[in-house]
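The values are calculated or read from the model by the stated rules, or taken from the named source; none is laboratory data. The model shown is predicted, which means the values in this text are computed figures rather than measured ones. Every residue, glycine among them, receives a Cβ derived from its backbone with ideal geometry; neighbour counts consider all protein chains shown.
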Amino acid sequence: MVERKHFSSKIVILGTGGFGRETLTCLIDQCKASGHNYKDFALFLVDDAYYTSTEIMGIPVIRTSEFGVDTGSVVVAIGDPDTRHKIATGLPAKTTFGQVIHPTAVISDWVDIGPGSIVTAGCVLTCNITIGSHAHINLLTTIGHDCKIGDYFTTAPGANISGNCTFGHSIYLGSNVVVKQGINICSNVTIGMGGVVVKDITEPGVYVGNPVRKLR
């Protein structure tokens with residue numbers, strides 16, 4: 001489900017790097033659009049080894065050793081899909097995962113996005129789309145009708161995915177990647193920025209170019 005207006009607990013942003021701070025700005029706009037005070041709901045979480053400040057951008061920061069399942073609903077704001085997977089699965093078993101959805105994202109009622117996902121400003125997701133858990137859908141990404149996408153899906157800004165595509169898990173699309181309609185992509189694939197995907201990808205790896213080819 002897509003949670004855009006209902007807040008029942010704090011949103012715990014795990015990670016204070018660039019995307020973590022961008023996620024906070026999305027959460028601020030989401031709270032404003034729904035009449036909430038973001039300071040009542042936002043909290044940063046970092047690994048103890050990276051803890052350097054009690055507050056970032058006016059929001060409290062806690063260590064992972066201080067985190068409990070009652071602290072709030074987590075979104076892991078770490079860009080690399082494999083690192084995100086490792087962190088998310090390393091949290092306590094009963095951890096709940098929330099969603100951060102920017103109010104300018106255009107998402108129809110016929111879109112299902114899994115828990116732990118973040119959708120930033122200007123994205124368009126049309127209809128009959130299923131996206132798994134812990135997705136990052138970055139600025140101005142578009143996803144067409146009838147797409148089925150696995151967990152830990154990640155786009156950089158400006159990715160464009162046509163309809164009827166099927167993606168596995170832990171796929172990363174660089175900035176301005178274009179995917180032709182009806183394409184299937186297996187799990188553990190990275191497409192470099194500006195890549196154009198016109199054929200199915202059946203082997204994990206890194207692909208670049210127009211049309212994309214696998215790097216050795």
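Applying the selection to the range 131-155, what residues are touching a residue at least 40 places away in the same chain (Cβ under 8 Å) and closer than 11 Å to V111 by Cα?
Correct list: empty.
What number of residues in the range 167-177 are closer than 13 Å to D200 by Cα and either among the aliphatic types (A, V, I, L, M) or not in a loop (DSSP other than H, G, I, E, B) (or both)? Break it down into steps so the answer makes sense when it comes.
So in the range 167-177, the residues closer than 13 Å to D200 by Cα come out as 167-168.
This time we only want the ones that are either among the aliphatic types (A, V, I, L, M) or not in a loop (DSSP other than H, G, I, E, B) (or both), so: 167.
Result for the range 167-177: 1.
Could you list all residues from the range 75-87 that are β-branched (V, I, T) and touching a helix residue (DSSP H, G or I) at 6+ places or on another chain (Cβ under 8 Å)? If you could, list the steps in order and put the result at the bottom.
Just the residues of the range 75-87 that are β-branched (V, I, T), to begin with: 75-76, 78, 83, 87.
If the condition is that a residue be β-branched (V, I, T) and touching a helix residue (DSSP H, G or I) at 6+ places or on another chain (Cβ under 8 Å), then V75, V76, I78 are the ones that fit.
Residue by residue through the range 119-136, note down the ones that are touching a helix residue (DSSP H, G or I) at 6+ places or on another chain (Cβ under 6 Å) and more than 18 Å from P103 (Cβ to Cβ).
Correct list: H134 only.
I need the full set of residues from the range 136-147 which are part of a loop (DSSP other than H, G, I, E, B) and closer than 24 Å to S73 by Cβ, in order please. Walk me through how you get there before you give the answer.
Applying the first criterion (part of a loop (DSSP other than H, G, I, E, B)) to the range 136-147 yields 138-141, 144-147.
Those that are part of a loop (DSSP other than H, G, I, E, B) and closer than 24 Å to S73 by Cβ: N138, L139, T141.
Hey, does the range 151-166 have a residue that's over 19 Å from the mean Cα position of the chain (by Cα) and in a loop (DSSP other than H, G, I, E, B)?
The first filter runs over the range 151-166 and keeps only residues over 19 Å from the mean Cα position of the chain (by Cα), leaving 163-164.
Those still in the list that are in a loop (DSSP other than H, G, I, E, B) too: 163-164.
Scanning the range 151-166 turns up at least one residue that is over 19 Å from the mean Cα position of the chain (by Cα) and in a loop (DSSP other than H, G, I, E, B).
Right, S9: in a helix (DSSP H, G or I) and in contact with an Asp or Glu (Cβ under 9 Å, 6 or more places away or on another chain) or not? Steps first, answer last, please.
Working: in a helix (DSSP H, G or I): no; in contact with an Asp or Glu (Cβ under 9 Å, 6 or more places away or on another chain): yes.
Spelling it out, it is not the case that S9 is in a helix (DSSP H, G or I) and in contact with an Asp or Glu (Cβ under 9 Å, 6 or more places away or on another chain).
Restricting to strands (runs of 3 or more DSSP E) lying wholly in the range 33-78: which have 3 or more residues that are surrounded by 18 or more Cβ atoms within 10 Å (Cβ to Cβ) and in contact with a Gly (Cβ under 9 Å, 6 or more places away or on another chain)? Before the answer, list the steps.
Values: elements: 42-46, 59-63, 73-76.
Here the list reads 42-46, 73-76.
Which condition from (1) outside the structural domain of G182 (by TED's automatic domain parsing); (2) without any contact (Cβ under 8 Å) to a residue 12 or more places away in the chain is the one that D82 breaks?
(2)
Here is a check on your reading of the model: is T95 within 26 Å of T71 (Cβ to Cβ) and not in a loop (DSSP other than H, G, I, E, B)?
Numbers: within 26 Å of T71 (Cβ to Cβ): yes; not in a loop (DSSP other than H, G, I, E, B): no.
Spelling it out, it is not the case that T95 is within 26 Å of T71 (Cβ to Cβ) and not in a loop (DSSP other than H, G, I, E, B).
For the range 103-130: of the residues being in contact (Cβ under 8 Å) with a residue 40 or more places away in the chain and among the hydroxyl-bearing types (S, T, Y), which is farthest from K32 (Cα to Cα)?
S117
Tally up the residues in the range 17-53 that are farther than 13 Å from V74 by Cα, β-branched (V, I, T) and at pLDDT 95 or above, please.
Within the range 17-53, the subset farther than 13 Å from V74 by Cα is 17-19, 21-22, 25-26, 28-40, 47-53.
Next, from what is left, pick out any that are β-branched (V, I, T): 25, 28, 52.
Those left that are additionally at pLDDT 95 or above: 25, 28.
Residues in the range 17-53 being farther than 13 Å from V74 by Cα, β-branched (V, I, T) and at pLDDT 95 or above: 2 in total.
Among S187, S133, which is surrounded by 17 or more Cβ atoms within 10 Å (Cβ to Cβ), in a loop (DSSP other than H, G, I, E, B) and of a type in the set (S, T, N, Q)?
Numbers: S187 fails: surrounded by 17 or more Cβ atoms within 10 Å (Cβ to Cβ).
After applying the criteria, what remains is S133.
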